[in-house]
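Novice: Following this message is one structure expressed as structure tokens.
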Amino acid sequence: NAGVTQTPKFQVLKTGQSMTLQCAQDMNHNSMYWYRQDPGMGLRLIYYSASEGTTDKGEVPNGYNVSRLNKREFSLRLESAAPSQTSVYFCASSAGQGAKNIQYFGAGTRLSVL
Amino acid sequence: AQSVTQLDSQVPVFEEAPVELRCNYSSSVSVYLFWYVQYPNQGLQLLLKYLSGSTLVKGINGFEAEFNKSQTSFHLRKPSVHISDTAEYFCAVIEGSQGNLIFGKGTKLSVKP
């Protein structure tokens, strides 16, 4: 009963390095999301994918790219990491968009950029 | 744009005492309100939600919240807390039927023996 799985759990990068955060869900959900969580800031939406084949910017998309690889997988890429991207990243999924569809969250990826 | 304000960043309370975590939202024609809980080193899970109907909503783990349209509030309450309720609690809102979640900054509840 995995739900939403994120890899890796922890990562340390140097400024300028690139990496991809992976997310997969096994609930046959249509919609997937990437958030970042910073102390005292709550969660802020980076990108989302309302359905397979579509992606849209959220509140804080700068410095990130996403790929909805298939219905199960939604990856987040940092092309050139910056210290300001040090954060905890959460992936979530839901059956569809909107209030009637509960979002289920992964356990998070803790990223430090030195 | 829709916004959510959680008035307290930290709430310390003794075990078995009642607790209220406050949440206010900016007014809109239609809003849908949520409370999520995040236990240490875990993701978020839904506690309860208000979509329509009764303004008193009951959730998991003995929590409840009341939607108050005139005060634009959605405060979370529990009559008697346990050590295991120590966590960070997030209020969130969706504006309109197809919007995305907008989170408050969170309230850290610390339950002491």
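The values are calculated or read from the model by the stated rules, or taken from the named source; none is laboratory data. All values reported here derive from a predicted model rather than from experimental measurement. Every residue, glycine among them, receives a Cβ derived from its backbone with ideal geometry; neighbour counts consider all protein chains shown. Accessible surface is based on the protein model in full, side chains and every heavy atom, while ligands, DNA and RNA are left aside. Shrake-Rupley method; radii C 1.70, N 1.55, O 1.52, S 1.80 Å.
Novice: Tally time: how many residues in the stretch A:1-26 are open to solvent by 50 Å² or more (accessible area, probe 1.4 Å), in contact (Cβ under 8 Å) with a residue 60 or more places away in the chain and within 14 Å of chain B (Cβ to nearest Cβ)? Can you show your working first?
Specialist: Taking the stretch A:1-26 first, the residues open to solvent by 50 Å² or more (accessible area, probe 1.4 Å) are A:1-2, A:5, A:7, A:9-12, A:14-15, A:17-18, A:22, A:26.
Those left that are additionally in contact (Cβ under 8 Å) with a residue 60 or more places away in the chain: A:5, A:7, A:9-12, A:14-15, A:17-18.
Right, trim to within 14 Å of chain B (Cβ to nearest Cβ) and you get A:5, A:7, A:9-10.
So the answer is 4.
Novice: Can residue A:40 be described as touching a helix residue (DSSP H, G or I) at 6+ places or on another chain (Cβ under 9 Å), surrounded by fewer than 17 Cβ atoms within 10 Å (Cβ to Cβ) and small (Gly, Ala, Ser)?
Specialist: Working: touching a helix residue (DSSP H, G or I) at 6+ places or on another chain (Cβ under 9 Å): no; surrounded by fewer than 17 Cβ atoms within 10 Å (Cβ to Cβ): yes; small (Gly, Ala, Ser): yes.
Spelling it out, it is not the case that residue A:40 is touching a helix residue (DSSP H, G or I) at 6+ places or on another chain (Cβ under 9 Å), surrounded by fewer than 17 Cβ atoms within 10 Å (Cβ to Cβ) and small (Gly, Ala, Ser).
Novice: Considering only the stretch A:2-37, state which residues are touching a Phe, Trp or Tyr at 6+ places or on another chain (Cβ under 9 Å) and part of a loop (DSSP other than H, G, I, E, B). First the steps, then the outcome.
Specialist: The first filter runs over the stretch A:2-37 and keeps only residues touching a Phe, Trp or Tyr at 6+ places or on another chain (Cβ under 9 Å), leaving A:3-4, A:6, A:21-25, A:27, A:29, A:31-37.
A:3, A:27, A:29, listed by residue number.
Novice: What's the number of the condition residue A:41 fails, among (1) within 9 Å of another protein chain (Cβ to nearest Cβ); (2) at pLDDT 95 or above; (3) more than 23 Å from residue A:2 (Cα to Cα)?
Specialist: Failing condition for residue A:41: (2).
Novice: Moving on. Looking at the stretch B:1-36 only, could you name the residues that are hydrophobic (A, V, I, L, M, F, W, C) and more than 11 Å from chain A (Cβ to nearest Cβ)? Walk me through it before giving the result.
Specialist: Filtering the stretch B:1-36 for residues hydrophobic (A, V, I, L, M, F, W, C) gives B:1, B:4, B:7, B:11, B:13-14, B:17, B:19, B:21, B:23, B:29, B:31, B:33-35.
Within the stretch B:1-36, B:7, B:11, B:13, B:14, B:17, B:19, B:21, B:23, B:29, B:35 qualify.
Novice: Give the residues of the stretch A:71-114 that are hydrophobic (A, V, I, L, M, F, W, C), within 14 Å of chain B (Cβ to nearest Cβ) and in a strand (DSSP E or B), sorted by residue number. Step through it out loud before you land on a result.
Specialist: Step one: filter the stretch A:71-114 for residues hydrophobic (A, V, I, L, M, F, W, C), giving A:74, A:76, A:78, A:81-82, A:88, A:90-92, A:95, A:99, A:102, A:105, A:107, A:111, A:113-114.
In the following step, the residues that additionally are within 14 Å of chain B (Cβ to nearest Cβ) were identified as A:88, A:90-92, A:95, A:99, A:102, A:105, A:107.
Listed by number, the residues that qualify are A:88, A:90, A:91, A:92, A:105.
Novice: Another one. If we keep just the residues of the stretch B:55-113 that are within 14 Å of chain A (Cβ to nearest Cβ) and polar (S, T, N, Q), which is least open to solvent (accessible area, probe 1.4 Å)? Talk me through it step by step, then tell me what you get.
Specialist: Kept after step one, since they are within 14 Å of chain A (Cβ to nearest Cβ), are these residues of the stretch B:55-113: B:57, B:59-60, B:67, B:74, B:87-108.
Retained after the next criterion (residues that are polar (S, T, N, Q)): B:97-98, B:100, B:107.
Values: B:97: 72, B:98: 111, B:100: 34, B:107: 1 Å².
Applying the filter and picking the extreme gives B:107.
Novice: Collect the residues in the stretch A:86-113 that are buried (at least 18 other Cβ atoms within 10 Å of the Cβ) and polar (S, T, N, Q), keeping them in residue-number order.
Specialist: Passing the criteria: A:87, A:93, A:94, A:97, A:103, A:109.
Novice: Out of all the residues in the stretch A:43-85, which are touching a helix residue (DSSP H, G or I) at 6+ places or on another chain (Cβ under 7 Å) and either within 19 Å of residue B:100 (Cα to Cα) or open to solvent by less than 20 Å² (accessible area, probe 1.4 Å) (or both)? Give the derivation first.
Specialist: Within the stretch A:43-85, the first condition is being touching a helix residue (DSSP H, G or I) at 6+ places or on another chain (Cβ under 7 Å), and the residues that meet it are A:63, A:78.
Matches in the stretch A:43-85: A:78 only.
Novice: Can you tell me how many residues in the stretch B:1-30 are of a type in the set (Val, Ile, Thr) and under 21 Å from residue A:41 (Cα atoms)?
Specialist: Total meeting the criteria: 3.
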